[in-house]
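Shown next, in structure tokens, is the structure this report addresses.
Read the figures in this text as sums done on the coordinates, not as results from a lab. Predicted, not measured: the structure shown is a model, and the values here were computed from it.
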Amino acid sequence: MNIASLRLSINGVDRSRGIEAFTTDVRTILRPLFLGGRLKREVLEQVVANCEAGNMDDHIVVDEQNLYKISVFFWPPGFYNAPHVHKTWAVAGVLHNVVTIKTYDMNHFSRKNEFVLNNTFVATENRIGRVIPPCLHRVGNDTAGASISLHVVGLSELAEERASDTVWYRKEGGRFVEFEPRDIPAPEFYAIKEKQVRYRYLVAEELLRRGS
Ligand SMILES: [Fe+2]
């Protein structure tokens, strides 16, 4: 119900006024759904259902027609993802606990291709922000408990371009280089995925059981 009405509201936003106005409107749509806690419950139920069905996807919605997806990410204590840049817009909110976002400047002139930290945002539950490209950042969890975030993310118009909507970096020989998660060998990739899904399932189930 809440996910369905969220989709209807997003699909009703006039996109002709540009990305700033559009993402502001998406944030305005999300705010009451976060504050009521109803979206969180429904999202957790959807995550549990997906896990039980063997669905390993991070996303709970892909809207090909309106070019966005809705993903849910679970952040274990101490975990940070790799630095990355999105080529499309995103509006993201904290569904549970606290998520930290670190933004970086890319120093192209440095021999080491250094990433220089320029800001740290500590986003508590129900905080909603947006990412307008380009923005180099990583996301993680500095707390001792699990954190969960929900992301409404724009999709490139051409399906074949979507695998490159996010550019990932990792350190190789002391410098940051681009890498493609899809180039990770399949056994390793699925082992990581399976671990993520198990964690997601345990956390979502427990939160639903506790009613929080
Ligand atoms: Fe990101």
Once Rh is set to the Kirkwood radius over Cα pairs, what Stokes-Einstein translational diffusion coefficient, in µm²/s, holds for segment 1-113 at a temperature of 25 °C and a viscosity of 0.890 mPa s? 150 µm²/s
Which lysines have a Cα less than 28 Å from the Cα of K40, not counting those fewer than 8 places away in the same chain? K69, K87, K102, K193, K195
Figure the gain on full extension for L35 and E114 (residue separation times 0.36 nm, minus the Cα-Cα span) and round it to one decimal in nm. 24.6 nm
Within the set T166, T23, T100, GNM on the chain using Cα springs under 10 Å gives the largest fluctuation to T166
Note: F189 to E20 extended length (0.36 nm per residue) minus current alpha-carbon separation gives 57.3 nm
With the convex hull built on the Cα atoms of segment 2-210, state its orientation-averaged projected area in nm². 12.5 nm²
Residue ranges of DSSP H helices in the chain that stretch 20 Å or more (Cα, own long axis) and have mean Kyte-Doolittle hydropathy of at least -1.0 are 19-35, 38-52, 186-210
Explain nothing, just compute: Karplus ³J(HN,Hα) = 6.51 cos²θ - 1.76 cosθ + 1.60, θ = phi - 60°, for every residue of segment 129-144 in order, whole Hz, x for Gly and Pro. x, 9, 10, 10, x, x, 8, 7, 7, 9, 10, x, 9, 9, 9, 8
Long-range amide H partners of E125, meaning residues 5 or more apart or on another chain whose placed amide H is closer than 5 Å, are N97
Amide H to amide H, which residues 5 or more places from W89 or on other chains are under 5 Å from it, using H placed in the peptide plane? G154
